[in-house]
Every structure is written in C-alpha cells, then in structure tokens.
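Engineer: Shown below is the structure under consideration.
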Amino acid sequence: MQTGDTLPNEPISHGFESPSPQHVPGEIEQLSWPRNRAVVRMALARDRAAVFVALLSVDDALVNEPHPDGSSVLGIMASCALSERRIAAILLQALERRGGALPAESPEDEQETEVTASLGLESTIALYVDSRRLLLDIIAGLSDDELFGDSQLISLLPVSETGGATLDRRLADSIHRIVEQRGITSRLDSIIVFEAAMRAVRKDLLTVVALLPEAERPSWRVTRAETLLDGIRAVQGRERTCLGLLIPEAMPSPLGPDSSWNVAWQGLHRGHQALLRAVGKTDQATLAQPVSHGEGTIYSAFADLVREEHHLARALRSSIALPSAHD
C-alpha cells in the first residue's frame, strides 16, 4: 500500500488510449474519465489542495463567519472530515473481507454534533487533513474491480466522474469568491494552514505525476515551452529560497540547468521535507516578518511557493486532459 508522500508507480495504460508510434509527450489521448484508483486518488488530492490554496488568502473572521444557512468554513470542513471517516470505515470493511493490508490508523467513532461544535482552527485542519489522507491510503489498497465493480464503492467517495463540482471544490470556489468580493488583504498567517497547504499541494502534484508513463516524465511537456523537469526545477528553486528565509545555513545547493530527472526529483523531496521541518520549528511572529529583499512577508513568500506548485499540478493535469479544480 502507498502511504505518505511517496509516488506510486501504477501503470494506468488501461485508462488512456495506447500511444501511437508517432506519440509526442504531452499528447496522450484521454478517455472520458479513466476508471481506475490512480485517477480517483488524483481527484481527491486535487480537490483538497484547492481548498487549502484558497485558505491561504483568508482571515480569521472569514473561517468562522456563519453563512446564511448557519454553517461556516470550519464547520463545513469538519462535517466533510467526519463524513469521510464514515466512508473510510466502510472501505476498510472491504479490505478486511479479503485480508488486505490495513492503513496504520483507522477511523474512530465520533459524535458529530459534539465534535463540530467544539473544534477550533487547528483541530479542524488536522481532522480535515487526516480524513483525506486515510481515504487515499485505503483506496491505494483496493483494486480497480473492488472500487468500480458490483459493490460500486466509488459511489461513496466525494469525487465526480463527470467533472462536476464536489463539496471541496464548491467550498474552494466560495472562499475565492468572498475574498475577491470583499478585497480581503489580511491573512491567517497560520503555520498549521501553511503546513497543510504544502502537504496537500505536494500530494496533488505526486498523484498527477503518477498518471504519466515513468519513462516519459522528464520530457513530458506541461506547456509548449516547459517540460515537467523544468517545472520541478522551478519549484525546488523556490523551496530553496523559502528555506533560506528561515535557516540560511540549511539551503541546499541550487540545481543546475542540466541536472537530471533523478537529481531534481530527489532534490524536490528533500527540499519539501527540510522546509516542513523548518516551518515546524517556526513561530507565528517569524512568519509575519518582512523579507529582507523584496516585498511581502515570509508567509507570503511561502504562500507563493504553494501556489506555484499548485499551478504546476494544474498545468500538468491540463496537458493530459484531466479536469482541474477550477476548470
């Protein structure tokens, strides 16, 4: 089973048309919605990442403010998470029936009314992150037949095979719309939101890259002018800059323009882990400090990093004709 932030190498040729001998990277013909768990995991990671990228632009008032129906951003997130843990319990039963490997954690029985009433920002974010991670891990242990077969477990999952909006995507769109309408410029500057956004966007990118034939990943054209390797180098360069804002002596060596795929890919993972460790040792006051060269704060520099990686994942999805959260 795949867990954590590793990249599954799951061949999914059965989900796409077989490339012709004249195939050019970036031009795979895509069937309407490949029915396999790799694409389901991508869709789940994509939608959760969209919410966290949106949260980078909100303030304290917005996440707690009641909507006309009485709900709030935090309340919707908590309800989503609790619903997903109930779905996870059903999926776990499918794994247990055939003796499959179980994830390290299992959902616990929770009283929804008590939980949603008492959760604050940090607890809600943690529940929201863990519930989706648990779903992704469980799905990685199921076969395509189990997910899409007679039991129709796919119907339980918060994904849309038609490209329609899921609750995550509607929530992300709603946050973006309110921020734009109100011209909100203050932000949460929350370490836990930033950490969650970093992890969610990285999972988004990994699950998209996993859809590509492994041999074609380095030369895959995300755009006419940029390959996936170019995009990976750019993200790692921004990670290096952000790490230098917190721990200058820990900055890794920059990647050269001729660095290989393996060097860039391994550097991307090392930079991500180093940055998460650095952020975990940082306080709110440090994030709010202005950067010494340039405009904005350390937090805004980190938010730009997350958005750049999110943009890469979206562009990569577009190159293989899979829908992104705001397409």
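Read-outs: derived from the displayed coordinates by stated rules, not from any lab. From a predicted model like this one, the values you see are computed outputs, not experimental measurements. All Cβ positions, glycine included, derive from the backbone under ideal geometry; neighbour counts span all protein chains shown.
Engineer: Compare the peptides 83-92, 46-55 by average per-residue count of other Cβ atoms within 10 angstrom and give them in order, highest first. Walk me through the numbers before you get to the answer.
Structural biologist: Values: 83-92: 18.4, 46-55: 26.8.
By packing density, highest mean first, the sequence is 46-55, 83-92.
Engineer: From the convex hull of the Cα coordinates of the stretch 189-327, what is the mean projected area in square nanometres?
Structural biologist: 8.7
Engineer: With unit charges on the beta carbon (Lys/Arg positive, Asp/Glu negative), name the residue among Ala200, Gly244, Leu211 whose Cα is farthest towards the positive pole of the charge dipole of the stretch 197-248.
Structural biologist: Positive-most Cα among the choices belongs to Gly244.
Engineer: Within a 10 angstrom radius of the beta carbon, how do His311, His272 rank from fewest other beta carbons to most? Intermediate values should be presented prior to the final figure.
Structural biologist: Details: His311 17, His272 20.
Listed from fewest to most nearby Cβ atoms, that is His311, His272.
Engineer: Counting Lys and Arg as +1 and Asp and Glu as -1, each charge on the Cβ, what is the dipole of the stretch 189-327 about the Cα centre in debye, to the nearest 20?
Structural biologist: 260
Engineer: Please work out how much length the chain gains when fully extended from Asp130 to Glu216, using 0.36 nm per residue of separation minus the C-alpha to C-alpha distance, in nm with one decimal.
Structural biologist: In short, 27.7 nm is gained.
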